[in-house]
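J.: I have a structure here, written as structure tokens, and I will follow up with some questions on it.
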Amino acid sequence: MAEREGPRLDVPLVPRRTLLPTYDPETFGRASERIARFLGTGRFLLWMTIVIIVWIGWNVLAPHGWRFDEYPFIFLTLALSLQASYAAPLILLAQNRQDDRDRVNLEQDRSRNERSIADTEFLTREIAALRMGLGEVATRDWIRSELAELLRELQEREGRGQERDEAADGPGGRDQDR
């Protein structure tokens with residue numbers, strides 16, 4: 001048998017050196033979620049508004065030598081465009097991660113619901129079996145009714161027996177027959 005060329009499956013691969021930076025996708029995802037959460041708050045809008053007002057105020061009211069972005073504020077436009085170009089993908093990344101979490105939670109909920117339905121069906125069958133079994137078991141009310149019926153029968157027999165005895169004794173009683 002000839003030996004195969006190439007990497008073996010039972011030996012881990014040695015990481016290759018690359019010129020590209022490496023990163024942990026999970027850490028990057030968590031950071032993007034934090035940034036996206038901050039971008040979606042009123043605090044961010046307040047700070048952004050303050051920065052823009054200060055920026056415009058400085059570049060309108062400051063002496064000419066101190067102004068760094070003259071009207072029509074090209075540098076401010078560039079900064080806001082850059083912020084928007086980074087914010088949109090970070091927000092989308094955070095939404096995708098949230099969708100993944102929601103999908104996992106939905107699958108877990110579905111499996112929990114399926115188990116609950118199966119448990120409910122099992123308990124329903126067990127209760128039906130118990131009811132069928134209890135249908136054959138003597139209950140207190142059934143025993144009482146049976147005993148009352150037996151007592152009535154005994155009283156009737158006793159009543160008939162006394163009538164026969166009285167009829168057999170005749171008007172004078174038992175002593176007459178002897």
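The values are calculated or read from the model by the stated rules, or taken from the named source; none is laboratory data. The structure presented is a predicted model; accordingly, all values stated were derived computationally and were not measured. Every residue, glycine among them, receives a Cβ derived from its backbone with ideal geometry; neighbour counts consider all protein chains shown. These area figures cover heavy atoms from the full protein model, side chains too; ligands, DNA and RNA do not enter into them. Shrake-Rupley method; radii C 1.70, N 1.55, O 1.52, S 1.80 Å.
J.: Between V137, V54, V14, find the one with the highest GNM mean-square fluctuation for the chain; connect C-alpha pairs within less than 10 Å.
T.: Looking only at V137, V54, V14, the biggest GNM fluctuation is shown by V14.
J.: Go ahead and run the numbers for FRET between R115 and V11, Cβ-Cβ distance against an R0 of 35 Å, rounding to 0.05.
T.: 0.30
J.: In nm, to one decimal, how far is the D24 label point from the S145 one, both placed 7 Å along Cα→Cβ?
T.: 7.4
J.: Would you mind computing, in nm to one decimal, how far apart the modelled labels at L82 and R152 are, each placed 7 Å from Cα along Cα→Cβ?
T.: 10.2
J.: Computed FRET efficiency, Cβ-Cβ of I56 and N96, R0 41 Å: what is it to the nearest 0.05?
T.: It comes to 0.70.
J.: Just to be sure I understand the model, the point goes 7 Å from the Cα along the line to the Cβ. What's the resulting L134 to F44 distance in nm?
T.: Roughly 6.0 nm, to one decimal.
J.: Could you give each residue of segment 161-166 its phi-based ³J(HN,Hα) in whole Hz, using Karplus coefficients 6.51, -1.76, 1.60 with θ = phi - 60°, and x for Gly or Pro?
T.: Result, rounded to whole Hz: x, 5, 5, 5, 4, 5.
J.: Continuing with this model, one more query. ³J(HN,Hα) across segment 151-159 via Karplus (A = 6.51, B = -1.76, C = 1.60, θ = phi - 60°), whole Hz, x for Gly/Pro?
T.: Using θ = phi - 60°, the values come out as 4, 5, 4, 5, 5, 5, 4, 5, x Hz.
J.: Related question: Please find, in a Gaussian network model of the chain (springs between Cα atoms separated by less than 10 Å), the residue of T18, T139, T27 whose mean-square fluctuation is greatest.
T.: It is T18.
J.: Then there's this: Please give the per residue volume of the convex hull enclosing the alpha carbon atoms of segment 40-125, rounded to a whole number of Å³.
T.: Each residue corresponds to 93 Å³ of Cα convex hull volume.
J.: ³J(HN,Hα) across segment 35-40 via Karplus (A = 6.51, B = -1.76, C = 1.60, θ = phi - 60°), whole Hz, x for Gly/Pro?
T.: Running phi through 6.51 cos²θ - 1.76 cosθ + 1.60 with θ = phi - 60° gives 5, 5, 5, 5, 5, x Hz.
J.: Now a separate question. At 20 °C and 1.002 mPa s, grab the translational diffusion coefficient of the chain from Stokes-Einstein with a Kirkwood Rh over Cα pairs, rounded to a whole number in µm² per second.
T.: For these conditions, the coefficient is 76 µm²/s.
J.: Could you give the accessible area per residue of segment 13-81, probe 1.4 Å, as a whole number in Å²?
T.: In whole numbers, segment 13-81 has 87 Å² accessible per residue.
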